[in-house]
Amino acid sequence: MKKGFTLIETIVVIAVIGITLPVLFAIIFTLMRQQLKINRLSEIKREGDYISSVIENTIKDRAISIHSGLPANDSTKICEEALSFSNPATSLYFLDKNGNWFGYQFTGNNLASESADLENPSINLNSSNIFISNFTINCSRNTVYSAQSIQISFDICYNTGLPNCESTRPEEITFLYYQSRIKLRNY
């Protein structure tokens, strides 16, 4: 009796391996691309939620008046009258009940929290992996009896190294849009 494989058996095994390996590699490559997209989406969602939460909570808990610029005084106060609206801007400033100002400044692709605090005058809210674009903040007041409200909106995307978060690979492109309305508390 002969022991071993015949030439035909060997060719059949090589053909089966030759057919299954490309299919297996295609599946693995697709899974890796989808995992990259999921990781980037979760990172921009985490940072977008953080930015939105910081802005909302700080304004809701501390702000008593809205100002178009610094110094935050009566001449820069906005949205005091009924049916008043401010034009969308990249920064607004707020006064708290202690007379300290704080605000949010959008420059380039970064969003920073600014305050009168001399130890930390400006703190970036997003990391270098994340780009913020189209940031707008404005205020409105419908009636004298209603609270002033702040509207914020921004786009957030993952930094691919190219302008405007562009890429030739579709799995690298990740964008989210955030929009929020915050009502000031009446003190």
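Distance from the Cα centroid of segment 63-118 to that of segment 132-152 is 11 Å (rounded to whole angstrom). GNM, the chain, Cα, under 10 Å: largest mean-square fluctuation among Ile64, Ile130, Ile27? Of the options given, Ile27 has the highest mean-square fluctuation.
Over the residues of the chain, the helix contribution to mean residue ellipticity at 222 nm works out to -11500 deg cm²/dmol, using -39500 (n - 2.57) for each DSSP H run of at least 4.
Extension gain for Ser84-Leu176 works out to 30.2 nm (0.36 nm per residue, less the C-alpha to C-alpha distance). Around the Cα centre of the chain, unit charges on the Cβ atoms of Lys, Arg, Asp and Glu (plus for the first two, minus for the last two) sum to a dipole of about 720 debye.
Translational diffusion coefficient of segment 64-106 (Stokes-Einstein, Kirkwood radius from Cα pairs, 25 °C, 0.890 mPa s): 229 µm²/s. For q = 0.12, 0.14, 0.16, 0.17 Å⁻¹, what log10 I(q)/I(0) does segment 60-147 give under the Debye formula with an equal point scatterer on each alpha carbon and no solvent? Each listed q maps to, in turn, -0.40, -0.53, -0.68, -0.76.
Distance between the modelled labels on Gln151 and Leu70, one decimal in nanometres: 2.7 nm (7 Å Cα→Cβ projection).
Looking at the chain, which longest stretch skips every one of the GluC sites (Glu not before Pro) that is in a DSSP loop with at most 15 other Cβ atoms within 10 Å, leaving the sites themselves out? Counting only loop sites that pass the neighbour cut-off, the longest clear stretch is 1-79.
For the chain, with the dipole built from +1 on Lys and Arg beta-carbon atoms and -1 on Asp and Glu ones, taken about the Cα centre, which of Asn142, Trp101, Thr6 lies farthest toward the positive end? Result: Thr6. In terms of Cα atoms, the Rg and Dmax of segment 1-105 work out to 32.0, 105 Å.
Taking Gln105, Gln34, Gln151 as the candidate residues, the one with maximal mean-square fluctuation in a Gaussian network model of the chain, Cα springs under 10 Å, is Gln34. Normalising the Debye intensity of segment 117-187 to I(0), with uniform scatterers on Cα atoms only, and taking log10 at q = 0.12, 0.14, 0.19 Å⁻¹ returns -0.52, -0.64, -0.87. How far is helix 7-62 tilted off the main Cα axis of the chain, in degrees rounded to 10, range 0 to 90? Here the helix axis deviates by roughly 10 degrees.
Relative contact order for the chain: 20 percent, from Cα pairs under 8 Å spaced at least 6 residues apart, divided by residue count. Rounded to the nearest Hz, the phi-derived 3J(HN,Hα) couplings of segment 133-148 under the Karplus curve 6.51 cos²θ - 1.76 cosθ + 1.60 (θ = phi - 60°) are 9, 6, 6, 9, 9, 8, 10, 7, 8, 7, 9, 5, 8, 8, 6, 5, where x marks glycine and proline.
Restricting the chymotrypsin sites (Phe, Trp or Tyr not before Pro) of segment 97-172 to loop positions (DSSP other than H, G, I, E, B) with no more than 11 neighbouring Cβ atoms within 10 Å leaves Tyr145.
Could you tell me which residue out of Leu83, Pro71, Phe131 lies farthest along the dipole of segment 36-133 toward its positive end? Charges go on the beta carbon: Lys and Arg +1, Asp and Glu -1, centred on the Cα centre. Positive-most Cα among the choices belongs to Phe131.
Partner lysines whose Cα lies under 18 Å from the Cα of Lys45, excluding those fewer than 8 positions away in the same chain, are identified as Lys37.
The overall shape of segment 7-183 is prolate: from the C-alpha gyration tensor, with semi-axes ordered a ≥ b ≥ c, the ratio a/c is 1.5 or greater and a/b exceeds b/c. A simple spin-label model places the labels of Ile14 and Ser42 4.4 nm from each other, with each point 7 Å out along Cα-to-Cβ.
Readers should treat all values here as calculations from the given coordinates under stated rules, not as data from a laboratory. Predicted model, so just to flag it, every value in this text is computed and none were measured. Note that each Cβ is placed from the backbone with ideal geometry, even for glycine, and that neighbours are counted across all protein chains shown.
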